[in-house]
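What follows draws every value from the coordinates through simple rules; no lab data is involved. Nothing here was measured: the structure is a model prediction, and the numbers come from that model. With ideal geometry, Cβ positions are generated from the backbone for all residues, glycine too; neighbour counts draw on all protein chains shown.
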Amino acid sequence: MLKEIVMRNHKGFTLIELMIVVAIIAIIAAIAIPNLLRARLASNESAAIGAMRTLASAQSTFQSSNGTDADGDGTGEFASLAMLSNATPPYIDEVLGGNTKSGYRFAITTIGAVNSDEVMWEATAYPVAYNQTGNRTFYIDESGVLRGSDTGAGAPATRAAAVPPVGNFPPVGS
């Protein structure tokens with residue numbers, strides 16, 4: 001009987017062993033999660049850059065195809081997000097036309113006056129939640145030069161804020 005008690009089969013892990021495993025998992029998570037969040041921010045910003053370039057191309061195509069010619073002079077006006085996404089066929093997808101995509105909000109501004117909308121437009125993309133869905137704000141206009149900046153805490157950009165000589169948004173990539 002005494003031999004039976006001493007030789008009892010011990011199965012399982014001790015509390016110390018389990019605590020060590022949990023501590024190792026916590027350390028690995030503490031290292032991996034910030035990298036994952038930075039990768040998500042970079043991915044959202046890359047998607048916003050691509051969407052802004054798509055908007056520039058869509059605006060150029062819409063205007064040259066006379067999608068809207070309010071004054072009937074043969075030169076088309078630039079379009080809003082809704083006009084670009086509701087056209088047949090659409091120039092942009094309906095998600096981008098809804099003004100929010102991949103953690104960024106998008107806005108297109110035209111002057112709203114006949115003959116002015118034939119030559120000027122601007123678009124901006126800014127994070128839905130600054131430092132959570134993105135860090136940079138992007139701006140593009142009829143020149144096709146994409147500009148970006150991490151100043152302004154994720155607020156929408158304007159021509160005055162983005163374009164030199166007054167603005168401080170440097171060009172993004174090439």
Just want to confirm a number: the relative contact order over the stretch 14-162, from Cα pairs under 8 angstrom separated by 6+ residues, in percent.
19 percent
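Counting other beta carbons within 10 Å of each residue's own, what order do Met83, Met120 fall into, fewest first?
On the way: Met83 21, Met120 15.
Sorted ascending by nearby Cβ count, the order is Met120, Met83.
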Mind ranking 130-136, 30-36, 92-98 by how tightly packed they are, going by the mean number of other C-beta atoms within 10 angstrom, highest first?
130-136, 92-98, 30-36
For the stretch 81-97, take each phi angle, set θ = phi - 60°, evaluate the Karplus expression 6.51 cos²θ - 1.76 cosθ + 1.60, and give the result in whole Hz per residue in order, putting x for glycine and proline.
4, 5, 5, 5, 8, 9, 5, 10, x, x, 8, 9, 6, 5, 5, 5, x
Which Cα, out of Ala161, Gly148, Pro90, lies furthest along the positive dipole direction of the stretch 14-162 (beta carbon charges, K/R +1, D/E -1)?
Gly148
